[in-house]
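Have a look at the structure below before the remarks.
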Amino acid sequence: MAKARSKASTGDEEWFDAAVTRRVGTWGSVEDAEQALIRELKAGLPYSHVLPDGTRVTGDAEFWSGVLGGQRFILTVDRAKNQATLGPGMSLDTPVSSDVPTKIFGIKVACAVEVGDDLTATAAWVANEARRMKREGKIPPDIRISKFARALATNMRRAAKTDSSIRPVGEGHIKNMLPDWGLWPVARIK
């Protein structure tokens, strides 16, 4: 598990509540938009939060899974305060040893790829995967758009086998949307 790193806000983040509100048009309700955002955070959408001493740090996706140190927790989000808490679940009997906090404050979410006024789950997943691939050096510098779209579609199908919230799309759709999502050419991926 990665330790949180100190960071300053980059300006390409928005408050958790604003990120939920922006997704309502896509998902139809605040509750569904919040759950979609939580799925994106669980899948690795970058976010940050504030420590009690006021330091802003990069968050860990493990927090959103609701499972720390092998124990299940109940996730409670307070959108108005941009904070979330993991409370004890029914089977919690012993304290949990984990580097991930059980309460986070001042949550800011990366402004991921936007399509029109709303973020789609597909665009968010593809953007997060493209960022991960670039960060890990898994995108050759001379890759063609078709091959890049094929790799993303393959990774999406593979991820959908273990996460039922992912609805895979074809490489043709991904290829057509990469420029609109700000993911082509590869140099545009942040």
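Could you identify the single residue in 37, 68, 41 that is modelled with pLDDT under 80 and surrounded by 19 or more Cβ atoms within 10 Å (Cβ to Cβ)? Going through 37, 68, 41 in turn, the sole match is 68. Out of (1) acidic (Asp, Glu); (2) under 26 Å from residue 132 (Cα atoms); (3) more than 16 Å from the chain's Cα centre (by Cα), what's the single condition that is false for residue 53? Unmet for residue 53, out of (1) acidic (Asp, Glu); (2) under 26 Å from residue 132 (Cα atoms); (3) more than 16 Å from the chain's Cα centre (by Cα): (2). Among the conditions (1) modelled with pLDDT of 85 or more; (2) outside any loop (DSSP other than H, G, I, E, B); (3) buried (at least 18 other Cβ atoms within 10 Å of the Cβ); (4) not polar (S, T, N, Q), the only one that residue 123 does not satisfy is (1).
Reported count of residues in the stretch 173-189, each being within 19 Å of the chain's Cα centre (by Cα), at pLDDT 85 or above and in a loop (DSSP other than H, G, I, E, B), is 3.
Take residue 91 and decide whether it is of a type in the set (Ser, Thr, Tyr) and either modelled with pLDDT of 80 or more or under 28 Å from residue 122 (Cβ atoms) (or both). Steps first, answer last, please.
On the way: of a type in the set (Ser, Thr, Tyr): yes; either modelled with pLDDT of 80 or more or under 28 Å from residue 122 (Cβ atoms) (or both): no.
So residue 91 fails the test.
From the list 149, 123, 153, the lone residue that is in contact (Cβ under 8 Å) with a residue 40 or more places away in the chain, more than 14 Å from residue 42 (Cα to Cα) and of a type outside the set (Asp, Glu) is 123. Set side by side, the residues 137, 182, 170 differ, and just one is at negative phi and among the small types (Gly, Ala, Ser), which is 170.
The numbered conditions (1) surrounded by 17 or more Cβ atoms within 10 Å (Cβ to Cβ); (2) hydrophobic (A, V, I, L, M, F, W, C); (3) not in a loop (DSSP other than H, G, I, E, B) are all true for residue 159 except (1). For the stretch 26-45, give me the residue count where each residue is in a loop (DSSP other than H, G, I, E, B) and in contact with a helix residue (DSSP H, G or I) (Cβ under 8 Å, 6 or more places away or on another chain). Number of matching residues: 3. The numbered conditions (1) modelled with pLDDT under 85; (2) touching a strand residue (DSSP E or B) at 6+ places or on another chain (Cβ under 7 Å); (3) surrounded by fewer than 20 Cβ atoms within 10 Å (Cβ to Cβ) are all true for residue 75 except (1). Among the residues of the stretch 46-82, just one is closer than 13 Å to residue 103 by Cα, in contact (Cβ under 8 Å) with a residue 24 or more places away in the chain, of a type in the set (Gly, Ala, Ser) and in a loop (DSSP other than H, G, I, E, B), namely 59.
The values are calculated or read from the model by the stated rules, or taken from the named source; none is laboratory data. Nothing here was measured: the structure is a model prediction, and the numbers come from that model. Cβ coordinates were reconstructed from backbone atoms using ideal geometry, including for glycine residues, and neighbour counts include every protein chain displayed.
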